[in-house]
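What follows draws every value from the coordinates through simple rules; no lab data is involved. Note that the structure is predicted; figures quoted are calculated from it, not measured. Cβ coordinates were reconstructed from backbone atoms using ideal geometry, including for glycine residues, and neighbour counts include every protein chain displayed.
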Amino acid sequence: MIPISYYFALSAILFSLGALGVLIRRNAIIIFMSVELMLNAANLLFVAFARANGALSGQVMVFFVIAVAAAEVAVGLALIVIIFRNRQSIDIDEMSSLKG
Amino acid sequence: MNGELILFFVLAAVAIGAALGMLFSRNAVYSALFLILNFATVAVFFLLLGAPFIAMAQVTVYAGAIMVLFLFVIMLLGAEQIQHQARRGWQRPLAMLLTLALLAESAYLIFTRSDLLTVLEPAASDYGNPQAIGMLLFTEYLLPFEVTSILLLAAMVGAIVLVKEDRKKSGGQK
């Protein structure tokens, strides 16, 4: 059988890759996908620890995280669409009109 | 090495490879497809961990609905290939450094906490069946469940209001 630390390590690697994506990419959609990757890594850890403790609450939490992610994606992509409509670009370095 | 361990390592390699592919693809459509592959492998991990309901929700909601939304927006905007502007030179090394720090902290946690080394025992035969999760959702977690439905409704209304064209403003241009 598999030690839980393996799942912890995999989740940590996926989460770090997601964080790296948020930091190095300029395309707002890719940044969004990286956030999804991080949420997914957290979900994996939730399920792994639920299994280790023999409790189901972790799985219920994952269900809620999935629902919140769906809502977040709907609103976030709508925002990206209107930003693109206004500026013909989704490069986040160009979204600096609030800068003094 | 037993079969489950081999399965774990193969799937882990696929998951990490798909995540890297998502990060470094030039084309946003490829990134989305790599992310779907990643979600599918994580769904198999959920099955391995005795969570069939979550695995199916992952495939239908994440790999299905959410990623279709992503692909739809990418193609709607025609944003597959955005040219790279000259970026600030210090950003990428700093990002790598910060990510490595995050990884090192996780590794430190793994190696110092001995209770993480417990091997997962074979679960009880009825562990994680959808019926038990349904019971839990509609008894102990009933309030969060209902709040989730309101959240989804708010997100739906918000997305529609945000994207709706302003008739009065855009009417003249068309």
message: Please compute the average number of Cβ atoms from other chains found within 10 Å of each residue's Cβ in peptide A:34-41.
response: 5
- prompt: Of B:A28, B:A124, B:A13, which is the most mobile in a GNM of chain B whose springs link Cα atoms less than 10 angstrom apart?
  reply: B:A124
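Quick one: order B:V29, A:V35 by neighbouring beta-carbon count within 10 Å, fewest to most.
On the way: B:V29 15, A:V35 18.
With the sparsest Cβ surroundings first, the list reads B:V29, A:V35.
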- prompt: Where the centre of each part is set by its Cα atoms, how far does region B:7-38 sit from region A:43-100, in angstrom?
  reply: 18 Å
- prompt: Taking Cα pairs under 8 Å and at least six residues apart, what relative contact order does chain B come out at, in percent?
  reply: 17 percent
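Say R0 is 30 Å: what FRET efficiency, to the nearest 0.05, do B:V157 and B:T112 get from their beta-carbon distance? Don't jump to the answer; show the numbers that get you there.
Values: r = 47 Å, r/R0 = 1.57.
The pair B:V157/B:T112 has a calculated efficiency of 0.05.
Quick one: order B:L47, A:L17, B:L143 by neighbouring beta-carbon count within 10 Å, fewest to most.
On the way: B:L47 14, A:L17 23, B:L143 8.
Placing the least packed residue first, the sequence is B:L143, B:L47, A:L17.
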message: Given the -39500 (n - 2.57) contribution per DSSP H run of 4+ residues, what per-residue ellipticity at 222 nm results for the protein assembly as shown, rounded to the nearest 500 deg cm²/dmol?
response: -24000 deg cm²/dmol
- prompt: Within chain B, which DSSP H helices have Cα atoms that stretch 27 Å or more along the helix axis and a mean Kyte-Doolittle hydropathy of at least 1.6?
  reply: B:3-24, B:28-48, B:142-163
- prompt: Hey, can you rank B:98-111, B:50-63, A:53-66 by average C-beta count inside 10 Å, highest first?
  reply: B:50-63, A:53-66, B:98-111
Pair B:Q131, B:M96: separation of 7 Å Cα→Cβ label points (nm): 5.5 nm
